[in-house]
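Below is one structure, written out as structure tokens, with a few remarks after it.
The values are calculated or read from the model by the stated rules, or taken from the named source; none is laboratory data. In this text the structure is predicted, and so the values were computed from the model without any measurement. Positions of Cβ are generated from backbone atoms using ideal geometry, with glycine treated the same way; all protein chains shown enter the neighbour counts.
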Amino acid sequence: MIWAEGALFVEVWVLEQTQFLGMPLKTQKQRRLLVVLYYAVLFGLAVVGLWINKRDWGPLVAQTFVVGGLLGGIRIGGPVKIYEEPILPLDMEGAVQTLNLSGRKRFDSTWSSLDERERGQRDMAHYTAYRILRWSFGLFVLGYFGVSAFAPAWLADKTLFLLWLFLLYVLSLPQAVVLWTEPEGPAGELVEVRAGAR
Amino acid sequence: MTAASYKVFGIPMEQQRARRKLVVAVYAVLLMFCVGSIVFARTAPIAYNWTIYVTMAAAMLVFGGVGGVGGRYGLIKPFPNKPPRPEPVMVDAIRLQLAPMTAGTPDESSWKNDERELSRRDRAHYQAYQVVASAFPVVLLLAALGLKVAQGSLQLAWLTTTTVLQSIFAVALLETVLAMTLPAAIILWNEPDIDLG
């Protein structure tokens with residue numbers, strides 16, 4: 001993403017899009033709102049999942065990577081740029097149908113690998129996420145043992161679902177940190193994005 | 001890279017090769033404790049405590065990178081990039097008698113990370129995060145398997161609920177050990193030789 005700084009345009013972070021699911025992401029406030037909404041949805045899912053007496057979460061678990069990577073980073077399509085070069089799907093409709101790289105679909109022009117500065121921001125976000133995760137994991141374990149003292153049978157029934165929710169949290173945390181911590185640009189909000197960015 | 005010294009138990013650690021040997025040796029010891037905990041888990045479930053204590057000691061006293069009180073020890077400067085907590089008054093008093101020049105606040109260079117060190121710290125955490133995060137799906141899969149076995153929907157002669165529970169315990173224990181030590185180990189492994197001139 002590029003912020004205006006007089007006549008100079010400076011790249012400051014690893015945002016892929018300025019809009020996500022209809023939500024603008026130009027200001028820090030908007031990005032933080034997205035993070036809050038994302039975790040509110042996860043919380044809602046947790047409440048519903050713990051409330052209803054459903055045992056087969058197979059179809060939902062199959063979507064782990066999609067839901068956990070909704071904010072980007074670990075998969076394409078989210079607001080945060082993908083951290084590593086992705087494995088591209090095979091171009092089955094194309095003229096070249098081989099298993100080598102030339103037979104794989106190309107990304108659209110918006111995708112590019114992270115530059116040095118962006119890699120630094122990605123690494124910093126993971127350091128922060130790592131620190132948050134240690135505390136979260138401790139609280140999760142304490143909470144689990146606390147509840148198991150009162151309702152062991154209910155908890156045993158919900159353990160898989162809770163583990164799955166925690167996995168979503170682990171997958172999404174670095175991206176949430178990126179979106180949450182990125183400061184405002186000099187002009188207060190984003191004014192221009194990289195060519196081709198939505 | 002180092003907080004106060006380039007030595008661990010008197011062994012110099014300026015050379016990358018020495019540091020890599022140290023990392024291998026520490027993980028060999030930790031692995032022994034993990035295996036011991038897993039083996040004794042049936043008869044003495046509390047055995048895992050020893051693994052956690054030894055891991056904490058290795059992270060604090062050998063690898064370093066730990067904040068707070070532990071920031072005074074180990075090869076790597078504290079990751080939080082804050083000065084270690086002041087020692088108790090009694091320790092200060094003893095130090096004043098033994099070596100008056102070293103008393104007072106710790107030298108900034110012994111705990112403050114420069115830009116390159118911060119970059120290495122963040123990079124190591126990025127790499128460690130991938131490893132730690134990848135253990136969660138494994139635990140989830142094992143838990144799902146355990147549930148199926150317990151409900152009787154999956155019946156294999158060699159697979160019992162106890163076996164699955166032991167596997168979950170093993171993965172969780174290894175993950176805990178790695179989460180506590182891996183970023184520092186990655187830094188020690190990758191840092192080039194240090195030329196002290």
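Considering (1) modelled with pLDDT under 75; (2) crowded, with 20+ Cβ neighbours inside 10 Å, say which one B:Val69 fails and leave the rest.
It is condition (2) that B:Val69 fails.
When you go through (1) out of contact with any helix residue (DSSP H, G or I) (no Cβ under 6 Å at 6 or more places or on another chain); (2) at pLDDT 70 or above one by one for A:Pro89, which number turns out not to apply?
(2)
Applying the selection to the stretch A:49-61, what residues are more than 12 Å from chain B (Cβ to nearest Cβ) and of a type in the set (Gly, Ala, Ser)?
Within the stretch A:49-61, A:Gly49 is the sole residue that qualifies.
To keep it simple, each residue is scored yes or no on (1) within 12 Å of chain A (Cβ to nearest Cβ); (2) touching a helix residue (DSSP H, G or I) at 6+ places or on another chain (Cβ under 8 Å); (3) hydroxyl-bearing (Ser, Thr, Tyr).
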| residue | (1), (2), (3) |
| --- | --- |
| B:Gly152 | no, no, no |
| B:Leu165 | yes, yes, no |
| B:Phe169 | no, yes, no |
| B:Leu173 | no, yes, no |
| B:Val177 | no, yes, no |
| B:Met180 | yes, yes, no |
| B:Ala185 | no, yes, no |
| B:Asp195 | no, no, no |
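Can you report the number of residues in the stretch B:13-43 which are loosely packed, with under 13 Cβ neighbours inside 10 Å and modelled with pLDDT under 90?
3
Listed here are the residues, each with its yes/no results for (1) at pLDDT below 80; (2) touching a Pro at 6+ places or on another chain (Cβ under 8 Å); (3) farther than 30 Å from A:Gly120 by Cβ; (4) assigned to a helix (DSSP H, G or I).
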position: B:Ile52; (1), (2), (3), (4): no, no, yes, yes
position: B:Thr55; (1), (2), (3), (4): no, no, no, yes
position: B:Ala58; (1), (2), (3), (4): no, no, no, yes
position: B:Pro78; (1), (2), (3), (4): no, yes, no, no
position: B:Glu87; (1), (2), (3), (4): yes, no, yes, no
position: B:Ala93; (1), (2), (3), (4): yes, no, yes, yes
position: B:Pro106; (1), (2), (3), (4): yes, yes, no, no
position: B:Ser109; (1), (2), (3), (4): yes, no, no, yes
position: B:Asp122; (1), (2), (3), (4): no, no, no, yes
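Among what's in the stretch B:107-135 and is over 22 Å from B:Pro192 (Cα atoms) and in contact (Cβ under 8 Å) with a residue 12 or more places away in the chain, pick the residue that is nearest to the other protein chains (Cβ to nearest Cβ).
Ranking the qualifying residues of the stretch B:107-135, first place goes to B:Val132.
So that you can scan it fast, the table gives a plain yes or no per residue for (1) touching a Cys at 6+ places or on another chain (Cβ under 8 Å); (2) surrounded by fewer than 17 Cβ atoms within 10 Å (Cβ to Cβ); (3) under 26 Å from B:Val23 (Cβ atoms):
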{"residue": "B:Thr160", "(1), (2), (3)": "no, yes, no"}
{"residue": "B:Val164", "(1), (2), (3)": "no, no, no"}
{"residue": "B:Leu173", "(1), (2), (3)": "yes, no, yes"}
{"residue": "B:Val177", "(1), (2), (3)": "yes, no, yes"}
{"residue": "B:Ala184", "(1), (2), (3)": "no, no, yes"}
{"residue": "B:Ile187", "(1), (2), (3)": "no, no, yes"}
{"residue": "B:Asn190", "(1), (2), (3)": "no, yes, yes"}
{"residue": "B:Ile194", "(1), (2), (3)": "no, yes, yes"}
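So in the stretch A:165-179, with the set limited to residues that are over 9 Å from the mean Cα position of the chain (by Cα) and facing chain B (nearest Cβ under 10 Å), which one is farthest from A:Phe65 (Cα to Cα)?
Of everything passing the filter in the stretch A:165-179, A:Phe166 is farthest from A:Phe65 (Cα to Cα).
Please go through the stretch A:148-164 and pick out each residue that is within 18 Å of B:Val139 (Cβ to Cβ) and either more than 12 Å from chain B (Cβ to nearest Cβ) or surrounded by 13 or more Cβ atoms within 10 Å (Cβ to Cβ) (or both).
Answer for the stretch A:148-164, where residues must be within 18 Å of B:Val139 (Cβ to Cβ) and either more than 12 Å from chain B (Cβ to nearest Cβ) or surrounded by 13 or more Cβ atoms within 10 Å (Cβ to Cβ) (or both): A:Ser148, A:Leu155, A:Asp157, A:Lys158, A:Thr159, A:Leu160, A:Phe161, A:Leu162, A:Leu163, A:Trp164.
Any residue at all in the stretch A:133-145 that's touching a residue at least 60 places away in the same chain (Cβ under 8 Å) and either buried (at least 17 other Cβ atoms within 10 Å of the Cβ) or of a type in the set (D, E, K, R) (or both)?
So far as the stretch A:133-145 goes, no, none of its residues is touching a residue at least 60 places away in the same chain (Cβ under 8 Å) and either buried (at least 17 other Cβ atoms within 10 Å of the Cβ) or of a type in the set (D, E, K, R) (or both).
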